Amino acid sequence: MFCLTPCLQFYQILLSLLTGVFFAFVFERGVYSRITYFYESRGLEKIISIFEHAERYSAHHSKNVATIAYYIGSRAGLKRKELKDLRIAALLHDIGKISIPKSILNKPGKLNDEEFEIVKKHPIYSAEIIENFEELSHLSYYIRHHHEKNDGSGYPAGLKGNEIPLFCKIIAVADIFEALIGVRPYRDPIPPREAIHLMKTQMSVDPFILKILSLELTRIMPELKLDAPLADQPLISLEDISFQTKSL
């Protein structure tokens, strides 16, 4: 009984100190999060602005690719943070095309060997751009390798099978599918089911990811904008990157 009051005072002081430390930590983390979000948003705004002004078609295509990849990733069981990273990587996977001459990118006919070798460098350019943004640099490997193929015939590293990360496999399938069903100046769009059959029979993509795409098709197609982008229409907004959860 003698030490009750001193002990009680001690625990009250200790509790007060712990409470102060806790709220200081929460405040600090809150400020840090807001600062991080500010710089992340400003950095993304810069990237998006450059992308849209320099290569509107690729930005339009990439937004559709991000939507397709998101649905595939969700069905594949990716968690919220993974889905956010996948979506951002898909949105920015082709940003390196701003370094490719427009005469090659917009060529209506088939590319010659020299032109194709130049185009094949765009994943490397994309990754190098993303590496300059600390908050996005962890996505650069996925962006660099989104053109790898299951049989090792892809680029830039010729990875094959299990050497290819899941994110890369998802973006690859979404990328090819959107390219087949989208509007192109040199050919008519291919119907979605026909595009999937073509990918299954003639392209070395991951069969598991392609199966998921087929299963999700009825939910994916209404979300896509497949017409050519309007000249003054914003293509990618921060809402696309800030990852607002959809009801899946």
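Which order results if Arg219, Arg187 are arranged by neighbouring Cβ count within 10 Å, fewest first?
Values: Arg219 13, Arg187 9.
By the 10 Å Cβ count, ascending: Arg187, Arg219.
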Per-residue Cβ contact counts at 10 Å, fewest first, order Tyr141, Tyr71, Tyr57 as Tyr141, Tyr57, Tyr71
The simple spin-label model distance between Asp227 and Ile118, using points 7 Å out along Cα→Cβ, in nm, is 3.2 nm
Counted neighbours (other Cβ, 10 Å), sorted fewest up, put Ser62, Ser153, Ser99, Ser74 in the order Ser153, Ser99, Ser74, Ser62
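Tell me the net charge near Asp206. Cut-off is 14 Å between Cβ atoms, Asp206 excluded, with +1 for each Lys or Arg and -1 for each Asp or Glu.
On the way: positive: Arg75, Lys149, Lys160, Lys169, Lys200, Lys211; negative: Glu148, Asp151, Glu163, Asp175.
Net charge in that neighbourhood comes out at +2.
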What the Cα atoms of region 71-207 span along the principal axes, largest first and in whole Å, is 40, 35, 26
On the formula 1/(1 + (r/R0)^6), with r taken between the Cβ atoms of Glu131 and Asp151 and R0 of 30 Å, the FRET efficiency rounded to 0.05 is 0.60
Applied in sequence order to region 111-117, the curve 6.51 cos²θ - 1.76 cosθ + 1.60 (Karplus, θ = phi - 60°) yields integer Hz couplings, x standing for Gly and Pro, of 6, 7, 4, 5, 5, 5, 4
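No value in this document is a laboratory result; all are computed from the given coordinates. Values in this document were obtained by computation on a predicted structure and should not be read as measured data. Neighbour counts are summed over all protein chains in view; Cβ atoms, including those assigned to glycine, are modelled from backbone coordinates with ideal geometry.
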